[in-house]
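Data first, discussion second: the structure below is written as structure tokens.
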Amino acid sequence: MADSHDTPPPEITPMLLEAAYRQGVFPMGDPETGEISWYRPEPRTIFDLDGFHVPRRLAKTMRSGRFRFTVDQAFEQVIRSCTRSEDPEQVWISPEIIDLYCTMHTLGKAHSIEAWRGDALAGGLYGIALGGAFMGESMFHAERDASKACLVHLVERMRTRGFLLLDTQFPTEHLAQFGIVMIPHAEYERRLEEALALEGRVSFV
């Protein structure tokens, strides 16, 4: 993974975390040591909300009504389910990360999208919403297509609420099918500033 990272201070507070996101920086935990480092990828990976591509089979799933979607109904369950994902890229979600983002959720800064089949949580995703920007962190599925369906639901929600920026940080094969866009970090910062300027005019919930 090509990125830059620095040793963080001993304690990361919600205030510090929010300030980092506002500058285009985010934390990840080391799966072996549990230590948290800051990341600022170059280039940065985002989704173009207008150019977001929904594969044909997934579009059919969305039309079928297979999943019932909710927002912020099971945030801690979602983030903990992400740590149990078989995807090796999810091992960065350390216990400290979980505690930190759960606190951010109680402060109204971190949000989750959930997909349900009956009373069972089939999949979900979570991230940070600031102004008109949503910084996606992780997703999981217990049932086929559930996490992808949550992503589609997220994009639809962002469009209808006037959001401008969906940050996915790093490129992955899983996300590439939706049409990821890689941009210089300087361009990311410009778009982030524009999205943050919508503070108070748009709301995720």
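Does segment 89-99 contain any residue that is buried (at least 24 other Cβ atoms within 10 Å of the Cβ) and free of Cβ contacts under 8 Å to residues at least 60 places away in the same chain? Within segment 89-99, none of the residues are buried (at least 24 other Cβ atoms within 10 Å of the Cβ) and free of Cβ contacts under 8 Å to residues at least 60 places away in the same chain. Where strands (runs of 3 or more DSSP E) sit wholly within segment 16-109, those with at least 3 residues that are in contact with a helix residue (DSSP H, G or I) (Cβ under 9 Å, 6 or more places away or on another chain) and closer than 25 Å to P171 by Cβ occupy 26-29, 44-47.
For the residues L166, L107, L121, L125, the requirement of being farther than 16 Å from D72 by Cβ and either surrounded by 14 or more Cβ atoms within 10 Å (Cβ to Cβ) or in contact (Cβ under 8 Å) with a residue 12 or more places away in the chain (or both) singles out L166.
Can you list the helices (runs of 4 or more DSSP H) lying wholly within segment 145-202 that have 3 or more residues being touching a strand residue (DSSP E or B) at 6+ places or on another chain (Cβ under 8 Å)?
By residue number, 146-160, 185-196.
Listed by first and then second residue, the pairs with beta-carbon distance under 8 Å, at least 6 apart or on different chains, first residue in segment 181-205 and farther than 22 Å from H153 by Cα, second of a type in the set (K, R) and part of a loop (DSSP other than H, G, I, E, B), are H185/R40. Here's a check for you: in segment 128-163, which residue that is of a type in the set (F, W, Y) and crowded, with 23+ Cβ neighbours inside 10 Å is nearest to F47 (Cα to Cα)? Among residues in segment 128-163 that are of a type in the set (F, W, Y) and crowded, with 23+ Cβ neighbours inside 10 Å, the one nearest to F47 (Cα to Cα) is F134. Of G123, G127, all but one fail to be more than 17 Å from G51 (Cα to Cα) and touching a Ser or Thr at 6+ places or on another chain (Cβ under 7 Å); the exception is G123.
Conditions first: (1) more than 15 Å from the chain's Cα centre (by Cα); (2) under 17 Å from M182 (Cα atoms); (3) among the aliphatic types (A, V, I, L, M). I46 passes all but one, so which condition is the exception? With respect to (1) more than 15 Å from the chain's Cα centre (by Cα); (2) under 17 Å from M182 (Cα atoms); (3) among the aliphatic types (A, V, I, L, M), I46 is out only on (1).
Just so you know, all these numbers are worked out from the coordinates, no wet-lab data involved. What you see is a predicted model, and the numbers here were worked out from it, not measured in a lab. Using ideal geometry, Cβ is built from the backbone for each residue, glycine included, and neighbour counts are taken over all protein chains shown.
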